[in-house]
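The values are calculated or read from the model by the stated rules, or taken from the named source; none is laboratory data. The shown structure was predicted, so the numbers you read here are calculated from the model rather than taken from an experiment. Reconstructed Cβ throughout: ideal geometry from the backbone, glycine too, with neighbour counts over all protein chains shown. Note: areas computed on protein heavy atoms with side chains; ligands, DNA, RNA excluded. Shrake-Rupley method; radii C 1.70, N 1.55, O 1.52, S 1.80 Å.
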Amino acid sequence: MTILNILSFPDPRLRTNAKTVKTINSDYKTLTTDMLETMYAAEGIGLAATQVNIHERVVVMDLSEDRNQPMIFINPEIIEKRGQAEGSEGCLSVPGQQAMVERSEWVKCRYQDLDGETHELETEGLLAICIQHELDHLQGKLFVDYLSKLKRDRIRKKLAKK
C-alpha cells in the first residue's frame, strides 16, 4: 500500500475532467487500495482519483465510524436527484477549510465495482452529499465553486499562507 499525494486547491490539475475507465483490471484494485489508505491517513471520508492526479472516473468512500466499510465506485454517474439540503463541507484538497454548500438531499447513482459489475444505489443524507462532492471532482469541480468569489478568494489566500 502506498500513501498518495493529494493535490491542493488551487492546483490546476484539480480542474481536469476525468476519463471513463474502459477496462477494469488488477491495476484498479491497487489504485483503490492506495486511495483508501491515503483517504484514511488524511482522515477523510471520500477521495476521487482526480485528487491524487489520476484523471479517471474512480472514487472511494468510507463513512463508517470504524473505517471498515470501504465503498469503491468506478465510472460513477448520478442518474437522478431530489430535494435540497444545505450542510457544511470540507475537502482533503482544501485542507482545514469548511463552508455551507447546497446539494440534493437524495440521489440515485450508477457505478461499476472492481469486478466490472454495474450497480445502482439510492441514498440520502451524508452519503448522498459525499457522492455529489466526489463526482464533482471527476468533472473538475470543487466545493469552493459553490461559494461566492469573495469566500473562494479568502480560502485561496488562507491556503497560500500555509
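Here are the numbers:
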{"item": "The stretch 8-85: C-alpha gyration tensor shape, a/c 1.5 cut-off, then a/b vs b/c", "result": "rounded"}
{"item": "For the stretch 1-142: relative contact order, % (alpha-carbon pairs under 8 angstrom, 6 or more apart)", "result": "26"}
{"item": "Distance (nanometres) between label positions extended 7 Å along Cα→Cβ at residue 158 and residue 8", "result": "1.3"}
{"item": "Helix-only [θ]222 nm of the chain, DSSP H runs n ≥ 4, -39500 (n - 2.57) each, per residue, nearest 500", "result": "-8500 deg cm²/dmol"}
{"item": "Area of residue 6 that stays accessible when all protein chains are in place (1.4 Å probe, Å², to 10)", "result": "40"}
{"item": "Accessible-area value, residue 151, 1.4 Å probe, nucleic acids and ligands omitted, Å²", "result": "110"}
{"item": "Sulfur and carbon atoms: percent of accessible area, the chain [1.4 Å]", "result": "46"}
{"item": "Whole-number accessible area per residue in Å² for the chain, which is evaluated in the context of all protein chains at 1.4 Å", "result": "54"}
{"item": "Antiparallel bridge percentage (DSSP; both residues within the chain; nearest 5)", "result": "95"}
{"item": "Accessible-area order (highest first, 1.4 angstrom probe) of the listed residues 2, 33, 23", "result": "23, 2, 33"}
{"item": "Solvent-accessible surface (1.4 angstrom probe) belonging to residue 26, in square angstrom, nearest 10", "result": "80"}
{"item": "Linear extension gain, residue 98 paired with residue 66, 0.36 nm per residue minus alpha-carbon span", "result": "9.2 nm"}
